Amino acid sequence: MEQLNKGLVKDLQTYPEKVLQFGEGNFLRAFVDWQIDVMNKKNLFNGSVVVVQPRGQEKVEKLNQQDGLYTLYLQGLKEGKAVKEHSIITSISRGINLFNQYDQYLELASNPEIRFIFSNTTEAGIAFNVNDRLEDRPQKSFPGKLTAFLYQRYNAFQGNREKGFIIIPCELIDHGGEKLKQIILKYAEQWNLGEEFIQWIHDANTFCSSLVDRIVPGYPRDTIEEITEELGYQDDLVAVGEQYHLWVIEGPQWIREEFPAHLAGLNTLVVDDLTPYRTRKVRILNGVHTAMTPVSYLYGIDTVAEAVGHEVVGQFVKELLYDEIIPVLDQPSDELHAFADAVLDRFKNPFIQHFVLSISLNSMSKFKTRDLPTLLDYYHQKQELPRNLVFSFAAILSFYKGKRGEESIALSDDQDVLELFQEQWGQYNGSFESLRAIARSVLGYEKVWEQDLNQVPGLTAAIANDLYEIESLGMKKAVESLIGQKTAK
């Protein structure tokens, strides 16, 4: 069967390259690049995306083999009806492999039509690496790569303040735009790039924090054969997403003129303050995702829909959401409950196989961003710990043991986090004391938490107790015991 290529697309239009995108993953392709495709087809944006892969090169090579094309399936409720539809997305012009096409990457900075920079490098991606140098090809960190690109732009146009960018990171971190900018300024200072360049960063560029919301479960491995049969061509980059989408961009209203998503009927908002949108979404949708992942997976459940529909794990998730997360949020209760109800409905989407294992990437930093604030707020407001959220925390520690029964778990996190757990679980001897030592070491790992969580009254003991229950009884009996205790009260 023929591989997807531009010869298979009738009346394929090409557009000038207006966007540099750091990230080639399923989410950006099913969210940002899809929105650009929608706008292009309505003659509202008329621009294409150049993609660079922050790490590795496999996806970029596949993109180029398919002429930047891929198929997007959107499945779920649309205007109250279950809808499954697909289209070929044509908004990506090409991919650049930073490891052997670095010159092409820098040359892109001289293109006057490049105006937007988007990224999604996970929560751990917006970080400063003291070892990065301007002369590296490429730098290790995403902000290091971007700083080198901005400096190339500055020199190419001799500091022209009309040639800056609108930079919108899509990582799920607070004030992502401002944090990215501060790291770039730190590199500019460390690399001695000069005061005039630093001033150009301030004056010529607009850094926007943003909030993204669409469930994108990844490549449909379990159904790809029937999808291929339906399509009539081979596509190694098929992406699947739900119908629902929301993009909230914190920035000046004039951005809407250059990125007129609202005119295309897209649910993209430009606002002065995205804090209430972000808090609600990150605490509820992302918080539940991250908290349920180790519990569900170690229970033997592989997908989100199975988990929320399960008699025991589903009850655990509902208690976590309605009894622990919502009560500590300072927003109208009816709005929070309506949003939470909609989230659970989205989780149950019958079309989407969202594997919980795909959510487990960088679980430690995700828990810090998505769940730890709820845990701490709950304690400070109620002077007690949230039982289900604490249990989820303990489940993450068990998950990082790297085993589900006899099956190995392909853990994915920063190397220092993986080494921490390898060392701690290597010392486990089956005793409660050795589990308490694991809990104490992980809670005290300030590189992730930016504080010593052992100082939270009762947390170390509660984590150790739950970890002991999980390790001695197994996840199934441990969750059932937890739910049973709460029901009996």
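Here, each number is a calculation from the coordinates, and none is a lab measurement. Please read these numbers as outputs of a predicted model, since none were measured by experiment. With ideal geometry, Cβ positions are generated from the backbone for all residues, glycine too; neighbour counts draw on all protein chains shown.
Descriptive notes on the structure:
- Nearest 10 degrees, 0 to 90: helix 415-426 Cα axis against the chain principal axis: 20
- In region 36-74, the trypsin sites (Lys or Arg not before Pro) that fall in loop regions by DSSP, at most 15 other Cβ within 10 Å: LYS42, ARG55
- Per-residue Cβ neighbour rank within 10 angstrom, fewest leading, ILE168, ILE409, ILE301: ILE409, ILE301, ILE168
- Checking every one of the GluC sites (Glu not before Pro) in region 21-119 against DSSP loop status and a limit of 14 other Cβ atoms within 10 Å picks out GLU79, GLU113.
- Among SER408, SER441, SER93, sorting on how many other beta-carbon atoms sit within 10 Å of each Cβ, with the fewest leading, yields SER408, SER441, SER93.
- Net charge dipole size for region 275-488 [Lys, Arg +1 and Asp, Glu -1 on Cβ; Debye, nearest 20]: 180
- 14 Å Cα cut-off, lysine pairs counted over region 275-488 (separation 8 or more, or different chains): 5
- Cβ-to-Cβ counts within 10 Å put ASP11, ASP345 in ascending order as ASP11, ASP345, the fewest first.
- Potential lengthening between ALA82 and GLN331 on full extension [0.36 nm per residue; Cα-Cα distance subtracted]: 86.6 nm
- Difference of contour (0.36 nm per residue) and Cα-Cα distance, ASP136 to TYR233: 30.9 nm
- Efficiency of FRET from Cβ geometry, GLU226 and SER472, R₀ 56 Å, rounded to 0.05: 0.85
- Each part gets one Cα centre, and for region 385-449 versus region 74-123 those centres are 36 Å apart.
- Computed from point charges on the beta carbon alone (+1 for Lys and Arg, -1 for Asp and Glu), the dipole magnitude for the chain about its Cα centre is near 220 Debye.
- Straight-distance crosslink candidates among lysines, where the alpha carbon sits under 19 Å from LYS10 and sequence neighbours closer than 8 are dropped: LYS41, LYS42
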